[in-house]
Amino acid sequence: MPAAGLKISPKPNFSSVCNVVFDSAVPCIAVLWKCYVTSPQLREVHEHILQLLRVHQVHFILGDDTALPVILAEDQRWIAQDWMPRAQAVGLKAIASKRSSSYFGQLSVQCVQSIAPAGLAFRSFDKMEDGRAWLRSVCPT
């Protein structure tokens, strides 16, 4: 996670599956996935991210999906059709992510992007710094 970031206290029920920080260098909410997540864990993390977008009034998410092996099809639909419209309503404009090392993880992210609502910009990268730079270029500070 970024050195310039402000660590956000992890919620005990998902700290084993991800870290969430406010990256003041972009600014964005940065999420480091650590392993496979269950549907309830994934949804709880996303609800927390939604709250942080609102509280910090940021428009970007930077995800490190390296260790995320897959997102279940039902959760892909939930993210794209339920969560993303709510995130857009609080100001989300762009999402950058570091590609999963898992083929199925990459397919999962591509599927979410393909069914996502219009108006969100997405890019996947091999390096976190490339994603961070892209987010800065989307809306320079």
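The values are calculated or read from the model by the stated rules, or taken from the named source; none is laboratory data. These numbers come from a predicted model, not from an experiment. FYI the Cβ positions are ideal-geometry reconstructions off the backbone, even for glycines, and counts take in every protein chain you see. Side chains are part of the model used for accessible areas, which takes the heavy atoms of the whole protein and leaves out ligands, DNA and RNA. Shrake-Rupley method; radii C 1.70, N 1.55, O 1.52, S 1.80 Å.
Details
- In the chain, the ratio of gyration radius to Kirkwood radius, Rg to Rh, stands at 0.91 when only Cα atoms are counted.
- Using R0 = 25 Å, the C-beta based FRET efficiency linking D126 and E44 works out to 0.30.
- Long-range tail of P(r) for segment 53-115 (Cα pairs > 15 Å, %): 53
- Helical content alone sets the calculated 222 nm signal of the chain at -11500 deg cm²/dmol, taking -39,500 (n - 2.57) per DSSP H segment of four or more residues and averaging over every residue.
- Burial order of peptide ranges 90-99, 44-53 (average beta-carbon count within 10 Å, highest first): 90-99, 44-53
- Solvent-accessible heavy-atom area per residue, rounded to whole Å², over the chain at 1.4 Å: 48
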